[in-house]
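The structure appears below as structure tokens.
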Amino acid sequence: MMMAAFFQGLMVCLSLIVAIGAQNIFVLRQGLRRESIWPVVIFCAATDAVLISSGVLGLSQTLKASPLLNQLLAAGGACFLIIYGWQALQRVRRGQQMAVAAATGTATTAAILAQAAAFTVLNPHVYLDTVLLMGGIGAQQPPDLRWWFIAGASAASLGWFSLIGFGAGRLAPLFAHPRAWQIIDALIVVTMWSMALMLLTQGV
């Protein structure tokens, strides 16, 4: 029963987290730039673990009962995604050289983690996936098995962020040219603004 709960948490988390989203693209970009990969991976995985735990232990019911809080989260998240997408659009238009080797050390770890925190705190989809969906599923487990569900989901999160963060380094030679960075930044623009539009039309 314990391993069944663990693997349920693992598979539920993987089914939700393996998708093109704001947080995943941010981690991928940091991996390509080889900037503070370990801190970003640990931060994102640890945040997921905290949110999943809080959802399983009762926060999911609180969020479901507060439409105003959901609207505020959606509005804040949309604003952040619009701004981040605009910054990526400016990089696409400039088309400047952003060689991976030269990119190392261009931002402090604190600044990068602040961006990672913004993607987490201001992104309602993070709460939807971790607190509401995974939290609601995990809460259905018997009390003595809920921590096994949380452990499985947390392991999936850590494994996924490690894969895209450190695995991106293998693609680094492809991104030694401005055109490649323009393509990934264009993908960032489309993703961020699409999610912002969805938040404004559905969440607000």
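The values are calculated or read from the model by the stated rules, or taken from the named source; none is laboratory data. Quick caveat: nothing in here was measured; it's all calculated off a predicted structure. These accessible areas exclude ligands, DNA and RNA; they are computed on the full protein's heavy atoms, side chains included. Shrake-Rupley method; radii C 1.70, N 1.55, O 1.52, S 1.80 Å.
When only the heavy atoms of the protein chains count and the probe is 1.4 Å, how do Thr109, Thr130, Thr201 rank by accessible area, highest first?
Thr201, Thr109, Thr130
For Met198, Met192, Met1, what's the largest-to-smallest order of accessible area, 1.4 Å probe?
Met1, Met198, Met192
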